[in-house]
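Written out below as structure tokens is the structure these notes cover.
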Amino acid sequence: MKNISANILVFFYCNALILSACFAQETQLKAGGPVPLWKKAEIFQQDMEERFLLDGQALCKLVLPQKNRPLSYNMPDNAYMTGIYVGTLSMKYQVTKDEKDKERLLQSIKALNHLCRASGVDGLLARAVIPVDTTWKDDGIWRPTPDGKYLWRGDVSSDQVDGVMFGFSWAYETIQDENVRKEIAKDVTGIVEHILRNDLKIIDADGKPTTWGKYFPAYTLIEPLNALLWLQALKIANQVSGDDKYAEIYKKYAIELKYAERAIQARRNLDPMRKGFVNHSDDVLFFLGIEPLLRLEQDPQIREYYRKSLKHAWEGSPPFPGLKPEANPLYSFLSAKYLGDHSEVENAIKTLIWFPFSIKWNKDTIKKYEQQHGIQLTWDVQSPEPEKNKPIPIDRRENTWSTWVQDPYLSPGDPMQDSPVEYNGHDYLLGYWLGVYYGFIDREK
């Protein structure tokens, strides 16, 4: 009887804790001010699934309907976006162990497989793939797939490959199904082999090199970021295939051809106040490239090059600052994990707290989700006034397709200003789930 009574007490105690937590969450939701991080992630995930996925492929920009123009999507970076989304879902599933998250992940892995094969040219990735009857707005070159059912966008860049490799690396680590892993290996090695047989260039369907698909030694002297991205692709090819061939090629480029040393300068640390001197879109590419290298590399000599590269990007080159002052969750969490510098974790979390829905959506969309969830999704600016020549907090910036690509030093904008284009919340989701996966964010807050 004593054991039964004790069990009953434990049962009621546990349920009381659950009810207390739920009550606290509901109170926080109704109190006004920024929405809790977990709830914000839930709403951005819902919107991604309802408006920005095409059979698992992540769509970039929703062009709203206007007079004489229907709703359409602008899709120059779907492969990149889908790779980021697959990586994010992998982190999420590893945390939640929710079968629905696994199903979402598997669907988007298949979308990546499709993007890798739609061109009909071995190893030639497509930037985007759409059914032939889809309405879209895009100025790229589109060609029919071999079966005539889809159109695919050409001129793939190292940016797209970078995002796809990032996603495949995380997916391979997350999904244990050997059939899924086999398809991942086929696509990753296919892309790498295409580049190898074309003298370290991506060759489009017209037989010409794509604009930004270059990894050969002379080019990496001009653009050291691509030295890092080529090492990322080779390392992941070895990860997913287990083929020592790719390990040998990787080591050749890393050490003999000095790509790992060159990669230390992958992030240009220049004066952020001079427009165009810092390309913040490259900062995301750098993150997608170096994260798998830091996660996978075991060789102390090569690994040290990557630590130096991250440290150079993080701390800057005096007198020019690096990424450290920007309160960017991707780099704050990455530097805490791999450099042991936890100094900006709190500010990174503040960025996610202040991250406004209005930086992505117009007022009508926000109102729709407010009605669905019964909570307020807009709030007053929470951040302090930015100092001169300092990064502008995220709730004081204009709307954008990617907050981590956005230059935080530009003049403040009005995120509540409606735009003819709306965007998905992939950037928030990546920052949030990276923080949760690394243990810097409590899922209950």
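The values are calculated or read from the model by the stated rules, or taken from the named source; none is laboratory data. Predicted, not measured: the structure shown is a model, and the values here were computed from it. All Cβ positions, even for glycine, are placed from backbone atoms using ideal geometry, and neighbour counts span all protein chains on display.
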Next item on the list: Please specify each residue of the range 363-400 satisfying the condition of being closer than 14 Å to Gly425 by Cβ and part of a loop (DSSP other than H, G, I, E, B).
Entry: Leu377, Asn399, Thr400
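So for the range 22-29 (the condition being at pLDDT 50 or above, within 21 Å of Tyr369 (Cα to Cα) and assigned to a loop (DSSP other than H, G, I, E, B)), does at least one residue qualify?
Keep residues of the range 22-29 that are at pLDDT 50 or above, which gives 29.
Narrowing further to those that are within 21 Å of Tyr369 (Cα to Cα): 29.
Those left that are additionally assigned to a loop (DSSP other than H, G, I, E, B): none.
Checked against the condition, which is being at pLDDT 50 or above, within 21 Å of Tyr369 (Cα to Cα) and assigned to a loop (DSSP other than H, G, I, E, B), the range 22-29 yields no hits at all.
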Check: Of the residues that sit in the range 386-445 and are among the basic types (Lys, Arg) and either within 20 Å of Cys60 (Cβ to Cβ) or out of contact with any Ser or Thr (no Cβ under 7 Å at 6 or more places or on another chain) (or both), which one is surrounded by the fewest Cβ atoms within 10 Å (Cβ to Cβ)?
Finding: Lys388
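Looking only at residues that are assigned to a helix (DSSP H, G or I) and of a type in the set (D, E, K, R) in the range 170-180, which one is surrounded by the most Cβ atoms within 10 Å (Cβ to Cβ)? Explain how you work it out, then say what you get.
So in the range 170-180, the residues assigned to a helix (DSSP H, G or I) come out as 170-174, 178-180.
Add one more test, that the residue is of a type in the set (D, E, K, R), and what stays is 173, 178.
On the way: Glu173: 17, Glu178: 9.
Only one residue tops the list, namely Glu173.
Yes/no matrix, rows are residues, columns are (1) closer than 26 Å to Phe216 by Cα; (2) surrounded by 21 or more Cβ atoms within 10 Å (Cβ to Cβ); (3) acidic (Asp, Glu):
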| residue | (1), (2), (3) |
| --- | --- |
| Lys110 | no, no, no |
| His114 | no, no, no |
| Val121 | yes, no, no |
| Leu125 | yes, yes, no |
| Val129 | no, yes, no |
| Thr134 | no, no, no |
| Asp138 | no, no, yes |
| Lys149 | no, no, no |
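Would you check if Gly167 is surrounded by 21 or more Cβ atoms within 10 Å (Cβ to Cβ), within 30 Å of Lys97 (Cα to Cα), under 23 Å from the mean Cα position of the chain (by Cα) and of a type outside the set (Ser, Thr, Tyr)? Step through it out loud before you land on a result.
On the way: surrounded by 21 or more Cβ atoms within 10 Å (Cβ to Cβ): yes; within 30 Å of Lys97 (Cα to Cα): yes; under 23 Å from the mean Cα position of the chain (by Cα): yes; of a type outside the set (Ser, Thr, Tyr): yes.
The answer is yes for Gly167.
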Notebook entry, point to check: Out of (1) assigned to a helix (DSSP H, G or I); (2) under 24 Å from Gln406 (Cα atoms); (3) in contact with a helix residue (DSSP H, G or I) (Cβ under 8 Å, 6 or more places away or on another chain), what's the single condition that is false for Pro325?
Noted result: (3)
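State whether one or more residues within the range 295-310 are within 22 Å of Thr403 (Cβ to Cβ) and among the small types (Gly, Ala, Ser).
Initially, the range 295-310 is screened for residues within 22 Å of Thr403 (Cβ to Cβ), giving 310.
Right, trim to among the small types (Gly, Ala, Ser) and you get none.
Scanning the range 295-310, I find no residue that is within 22 Å of Thr403 (Cβ to Cβ) and among the small types (Gly, Ala, Ser), so the answer is no.
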Margin query: As an exercise: evaluate Asp442 against (1) in contact (Cβ under 8 Å) with a residue 12 or more places away in the chain; (2) closer than 14 Å to Ile353 by Cβ and give the number of the one condition it does not meet.
Written below: (1)
